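These notes are about the structure you will find just below.
We did not get these values from a lab; they are worked out from the coordinates using the rules stated. Computed from a predicted model, the values in this text were never measured in an experiment. Note: ideal-geometry Cβ built from the backbone for every residue, glycine included; neighbour counts use all protein chains shown.
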Amino acid sequence: MRDPIPCGVVRDSCRSPEVELRRLALPLRRPFRTAHGSVEVRELILVRVVVAGSEGWGECAALPEPGYSNEDVGSAWAALRDELVPALRAAAGRPSPEAAVPSAARNRHPMAAASLEMALLDAELRAAGRSFAAYLGSTREWVEAGVALGRPGSVGELLDQVAEAVDEGYRRIKLKVHPGWDVEPVRAVRERFGDDLVLQVDANGAYGHGDAAHLSRLDPFALAMIEQPLPAPSLREHAELARRLKTPICLDESITSAAIAAEAVSSGAAAVINVKPGHMGGLREACRAHDQCVRLGAPAWVGGMLEAGLARAANTALASLDGFTLPGDLAPPDRYLAIDIAAPLERQGALVRVPQAPGIGATVVPSAVEAVTTEVVTA
Ligand code: MG
């Protein structure tokens with residue numbers, strides 16, 4: 001088990017942390033459509049803390065609108081401003097980022113809580129001169145990234161987008177599917193790009209219990225997995241569906257904690273787990289989910305939430321843990337964001353270098369943050 005952070009900076013400084021909350025608006029290169037809806041501007045929240053002279057940054061995974069989960073930018077903003085930051089102040093002198101984010105608030109607002117935890121962890125690791133990857137004890141220097149494509153307007157547009165990603169060196173492509181947009185686009189991609197392409201689909205819960213026979217029509221295409229075919233949480237229904245499909249089921253929206261990840265695997269609801277730190281309340285819980293997957297022998301990977309470069313760097317470091325055996329949604333944000341807020345990570349084809357600088361993994365560019373900020377609150 002990895003060690004607690006041997007650093008007293010946050011313990012000493014939680015007596016008077018400076019906390020700044022920012023709302024950002026980052027334009028996307030193209031709209032990103034899923035079964036939950038469409039995103040054209042990635043609004044998101046940044047958390048900046050200064051504890052004992054050490055700065056830390058956190059990025060909130062909440063999307064502009066609810067759909068993926070109940071949390072959205074507006075609710076996460078209110079939770080941070082009105083609940084989590086005041087609780088942090090009330091926790092003066094508490095020993096760790098984890099203790100400074102109460103579990104009750106974490107359960108209600110996991111993405112908001114995760115962003116505050118990330119900022120505190122970043123500050124603490126920077127003060128200790130340690131990288132997140134070193135803290136995790138991981139030794140991998142590079143991790144493999146896959147590309148997740150939003151639903152395009154046509155099969156032709158889809159094929160163009162897959163070709164673009166393949167030309168960039170990516171070997172694992174994820175397509176969004178929903179009723180009326182599944183078998184034909186998958187067939188078209190398989191026919192055009194062959195069996196060597198690692199292809200998987202994500203339904204974001206768009207199918208119902210009566211769709212098993214239809215979904216089995218995807219079996220001949222040798223998909224690596226189908227992600228979240230049914231709405232969350234529905235583990236029992238996913239286990240029933242899994243018995244009727246050859247394609248392995250991966251769960252994402254359903255996986256809100258390490259315990260649920262373990263239950264999903266044990267019950268047969270999921271053969272593969274998509275680990276999203278924001279969705280499960282933070283990087284520490286994501287590490288626990290990883291450990292559960294290793295214990296149960298289930299393949300796991302790190303998912304994406306249209307992050308900016310801060311959270312994607314943290315996710316890249318997280319993905320260097322040995323149990324993340326499958327490529328994650330870790331393609332650098334310049335694939336989908338027209339403007340980013342952090343220095344890009346090094347990429348060679350499908351491989352992204354694990355960040356090693358002290359802190360969570362990202363080098364935030366303050367002038368870029370300023371340029372896309374729409375609101376600032378000093379809490
Ligand atoms: Mg997903």
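If Lys and Arg each add +1 and Asp and Glu each add -1, what is the summed charge of the other residues whose beta carbon sits under 9 Å from the beta carbon of Gly56?
Working: positive: Arg48, Arg126; negative: Glu55, Asp122, Glu124.
Every neighbour counted, the sum reads -1.
Share of antiparallel DSSP beta bridges in the range 157-247, in percent to the nearest 5? If you can, show how the numbers build up before the last one.
On the way: 1 of 8 bridges.
Percent antiparallel among DSSP bridges in the range 157-247 is about 10.
Beta bridges from DSSP with both residues in the range 134-363: antiparallel share about 25 percent, rounded to the nearest 5.
Round to the nearest 0.05 the FRET efficiency obtained for Ala213 and Ser266 when R0 = 41 Å and r is the Cβ-Cβ distance. Walk me through the numbers on the way to the answer.
Values: r = 27 Å, r/R0 = 0.65.
That gives a FRET efficiency of 0.95.
Between Arg353 and Arg335, the simple spin-label model (points 7 angstrom out along Cα→Cβ) gives 1.9 nm.
Between Arg295 and Glu20, 0.36 nm times their residue separation minus their Cα-Cα distance comes to what? Mind dumping the intermediate values first?
Numbers: separation 275, 0.36 × 275 = 99.00 nm, distance 3.87 nm.
That works out to 95.1 nm of additional length.
Computed about the Cα centre, the dipole magnitude for the range 181-262 is approximately 240 debye when only Lys and Arg (+1) and Asp and Glu (-1) carry charge, each at its Cβ. In this structure, Ala371 and Arg89 have a Cβ-Cβ separation that, at R0 = 22 Å, corresponds to a calculated FRET efficiency of about 0.15. Taking the charge dipole of the chain about its Cα centre, with +1 at Lys and Arg Cβ atoms and -1 at Asp and Glu Cβ atoms, the residue from Val155, Ala61, Leu321 reaching farthest to the positive side is Leu321.
Can you give the extra length, in nm with one decimal, that the chain gains between Ser103 and Asp195 once fully stretched, where that is 0.36 nm per residue apart less the Cα-Cα distance?
On the way: separation 92, 0.36 × 92 = 33.12 nm, distance 4.50 nm.
In short, 28.6 nm is gained.
Averaging 1/r across all pairs of distinct Cα atoms in the chain and inverting the result yields a Kirkwood radius of 20.7 Å. Short-range pairs are left out: with C-alpha atoms under 8 Å and at least six residues apart, the relative contact order of the chain is 21 percent. Over the residues of the chain, the helix contribution to mean residue ellipticity at 222 nm works out to -9500 deg cm²/dmol, using -39500 (n - 2.57) for each DSSP H run of at least 4.
Once the other residues with Cβ under 14 Å from the Cβ of Asp334 are scored (Lys, Arg +1; Asp, Glu -1), what is the net sum?
Values: positive: Arg29, Arg30, Arg42, Arg312, Arg335, Arg347; negative: Glu164, Glu168, Glu307, Asp340, Glu346.
Cβ neighbours under 14 Å give a net charge of +1.
Think of each Lys and Arg Cβ as +1 and each Asp and Glu Cβ as -1; about the Cα centre, that makes the dipole of the range 134-363 roughly 420 debye.
Ranked by the mean number of other Cβ atoms within 10 Å of their residues, highest first, the peptides 203-215, 227-239, 110-122, 364-376 fall in the order 110-122, 227-239, 203-215, 364-376.
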